[in-house]
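Read through the structure below, which is laid out as structure tokens, and then see the notes.
The values are calculated or read from the model by the stated rules, or taken from the named source; none is laboratory data. All values derive from a computational prediction rather than experimental measurement. Note that we place each Cβ from the backbone using ideal geometry, even for glycine, and neighbour counts take in every protein chain shown. We work out accessible area using only protein heavy atoms, side chains counted, and drop any ligands, DNA or RNA first. Shrake-Rupley method; radii C 1.70, N 1.55, O 1.52, S 1.80 Å.
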Amino acid sequence: MNFTRWSARLPGTQRQRRLAARAVRRPPEAPAPSGAVPAARDEHGEPSAPDAEGARRGAGQGAGHGLDALPAQGLLDQVPALVALVHGPDHRIAFVNDAYAAAFGPRAPGAPAREALPELAELGLLPLMDQVLRSGRPRTVKSRRVEGRTGRRGGVDSGAVGGGTRPGYYTFTCTPVELKGPGARRGVLVFAAEVTDQVEAAERLRVSERRQREAAVTLQRSLLPQQLEQPDDLRVAATYRPGGTDAAVGGDWYDVITLGAGRTALVIGDVMGRGVRAAAVMGQLRTAVRAYARLDLPPHEVLQLLDGLAAEIDPNQIATCVYAVHDPNEGRLVYASAGHLPILVRDPDGTVHRADESTGPPLGTGGWLHTSASVPFGEGSAAVLYTDGLVERRDADIDQGIEVLEEAFAGATGSPQVVCDRLLRALGITAEHDDDVALLALQHPVRTGHDAELFHNAALDLLGGVEAAPRARAFASGVLTSWRFPRGLHDLGVLAASELVANSLQHGTPPMCLRLRRTDRRLIVEVTDGDDHLPRRRRAEPVDESGRGISIVATIASAWGSRRTPGGGKAVWCEFALPSEAVPR
């Protein structure tokens, strides 16, 4: 047999062949004394100083015990890997080593592989061996699972030595060889190295990484809203997609916050970096946004507070954020952006434009003043807020990604959740996407028919004087009667309007206005005036003749609050939840 192709890869083989060739050319010498080390000679046959390796080999093995002196079968039987040698087109067995016999049992020489080596057939190696035989090139398949075998198969004991062998993984290399001798033919040497430990270690690592990622994603999602608040006048939906397959989730986040009096805050942000630290900073910022939103501050003031907080949390952590407020009475979306991507707004006619007025740098930079801007947002309008993972690609400018999003948003109709799904598909966001994506879609629907009957507005300008309070009560009573509210809710609404107007007349300045608004869920009473001093609830003493108006409103209403208006002045409001019988059918 000629194992030149295979044995040439063994360490020291080529050197041993050169030494053997020199020995053939050298004339015979007298046998050396037993135990003596033969003197090394140079290429001219002259004695030379023996090298250390040769001396050790000679001392330890004696003459005639080098690699070439070993028979091929004995050499292969000492290899711990599984070795099988087959020949001919039907791969008849020529030899299997002891390791192969220990794993699968002995094999009878001369039998075809399809019958005598069923384990190779089950692994799909026979077509590969055919290819090796035809092409003369070696082929390798990695990490194939091999089942342990016991019992008899085809009349041949296929049980492993010792009663069986456990399943394992092997990497099989099929190498073409030339078999010399009578009827010389080509064959295939099948060499299988066990890689079970490596495969099991890799699988344990994958399981560990998967569990870490699941824990990280669970943490990330637990910090996001579990269920979005649904405002009366808007329809909203949001989607979060963690990026990649590693455990380092990002810091993308979003939120929807009802502010009262029909107003809604919409927030989206992105903490730079990945991992638990980014998620923790994100959670703190989101909690802070909800707290600052309760103060009912203008968007730029909320971001100003967040900027200072972000610098305190981690001076090295940068975050971007958009905070927008929708007021159905004004029909506009007022927003402030801290270095975030522009909001995309779609008008009722389908035109998409960017709300990209610069209002401030990212959070955590410090020393900058943010400003607010606004865009029209009436009935029939829609908008999307998003993070850079949706539009940023390594091989393209981010403006190109925003342009693609604009085109997709122009044709994305349906509910907000449908819009989110369509935009993700249009931008090619899959499970393998390498960055986190947060997307928030909102719509101000056009209401007609029965739905339109559930939403009404009424306003009265108050000129001041002693007649303002009676006029306000009469106006509120007439409006609530026309809206067919039950008597109990009617009386509470009139009382709240009277108290708020009286408070404004006493502590505010003109111009003053009483506004009544009903939705499908609540009745809202709001009074505005020109003084920016916000009222607060206080406990009136028994001898006090005033100071009870806000306490009365807070007691009878579901919620109340106050805020400063953009043009100077303030608005004080309260709202009542509508019982089911108050909704006309």
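All of T387, T371 fail the test of being modelled with pLDDT of 90 or more and open to solvent by less than 30 Å² (accessible area, probe 1.4 Å), apart from T387.
Of the residues examined, R517 is not one that is touching a residue at least 40 places away in the same chain (Cβ under 8 Å), on the phi > 0 side of the Ramachandran plot and not small (G, A, S). Of all residues in the stretch 448-482 being more than 18 Å from R518 (Cβ to Cβ) and among the acidic types (D, E), which is modelled with the highest pLDDT? Filtering first and then ranking leaves D461.
Can you find even one residue in the stretch 394-408 that is without any contact (Cβ under 8 Å) to a residue 40 or more places away in the chain, under 30 Å from G567 (Cβ atoms) and out of contact with any helix residue (DSSP H, G or I) (no Cβ under 6 Å at 6 or more places or on another chain)? Within the stretch 394-408, not a single residue is without any contact (Cβ under 8 Å) to a residue 40 or more places away in the chain, under 30 Å from G567 (Cβ atoms) and out of contact with any helix residue (DSSP H, G or I) (no Cβ under 6 Å at 6 or more places or on another chain).
Among helices (runs of 4 or more DSSP H) entirely within the stretch 421-526, having at least 1 residues that are touching a Leu at 6+ places or on another chain (Cβ under 7 Å), farther than 30 Å from I268 by Cβ and open to solvent by 20 Å² or more (accessible area, probe 1.4 Å) singles out 468-482, 487-507. Just one of the listed residues (G148, G155) is among the small types (G, A, S), at pLDDT below 90 and under 30 Å from A202 (Cα atoms), and it is G148.
Suppose we filter G260, G243 for residues that are of a type in the set (G, A, S), at pLDDT below 90, open to solvent by less than 20 Å² (accessible area, probe 1.4 Å) and out of contact with any strand residue (DSSP E or B) (no Cβ under 6 Å at 6 or more places or on another chain); which single one remains? Sole residue among the options that is of a type in the set (G, A, S), at pLDDT below 90, open to solvent by less than 20 Å² (accessible area, probe 1.4 Å) and out of contact with any strand residue (DSSP E or B) (no Cβ under 6 Å at 6 or more places or on another chain): G243. For the condition of a type in the set (S, T, N, Q), modelled with pLDDT of 90 or more and in contact with a strand residue (DSSP E or B) (Cβ under 7 Å, 6 or more places away or on another chain), what is the one hit in T175, T196? The conditions single out T175. Which number in (1) in a loop (DSSP other than H, G, I, E, B); (2) without any contact (Cβ under 8 Å) to a residue 40 or more places away in the chain; (3) under 26 Å from the mean Cα position of the chain (by Cα) marks the one condition that S337 misses? The single condition S337 does not satisfy is (1).
Return yes when R221 is in a helix (DSSP H, G or I), at pLDDT below 85, at negative phi and open to solvent by 10 Å² or more (accessible area, probe 1.4 Å) and no when it is not. Taking the combined requirement at face value, the residue satisfies it. The set of residues in the stretch 343-359 being outside any loop (DSSP other than H, G, I, E, B) and among the small types (G, A, S) consists of A355 alone.
Checked against (1) farther than 20 Å from V236 by Cα; (2) out of contact with any strand residue (DSSP E or B) (no Cβ under 9 Å at 6 or more places or on another chain); (3) open to solvent by 10 Å² or more (accessible area, probe 1.4 Å), G411 passes all but a single condition, namely (1). Within the stretch 390-408, if we keep just the residues that are under 16 Å from the mean Cα position of the chain (by Cα) and buried (at least 19 other Cβ atoms within 10 Å of the Cβ), the residue that is farthest from L234 (Cα to Cα) turns out to be V391.
Okay, residues lined up against (1) closer than 18 Å to V86 by Cα; (2) out of contact with any Leu (no Cβ under 8 Å at 6 or more places or on another chain); (3) without any contact (Cβ under 8 Å) to a residue 40 or more places away in the chain:
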{"residue": "R185", "(1), (2), (3)": "yes, no, no"}
{"residue": "L189", "(1), (2), (3)": "yes, no, no"}
{"residue": "V199", "(1), (2), (3)": "no, yes, no"}
{"residue": "A202", "(1), (2), (3)": "no, yes, yes"}
{"residue": "L205", "(1), (2), (3)": "no, yes, yes"}
{"residue": "E214", "(1), (2), (3)": "no, yes, yes"}
{"residue": "V217", "(1), (2), (3)": "no, yes, yes"}
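Within the stretch 368-382, residues that are under 17 Å from Y323 (Cα atoms) have Cβ atoms under 6 Å from residues that are β-branched (V, I, T) and open to solvent by 30 Å² or more (accessible area, probe 1.4 Å) in these pairs: S372/V334; S374/V334, counting only partners at least 6 apart in sequence or on another chain. Residues being open to solvent by 40 Å² or more (accessible area, probe 1.4 Å), under 30 Å from L514 (Cβ atoms), out of contact with any helix residue (DSSP H, G or I) (no Cβ under 7 Å at 6 or more places or on another chain) and among the basic types (K, R) are entirely absent from the stretch 275-287.
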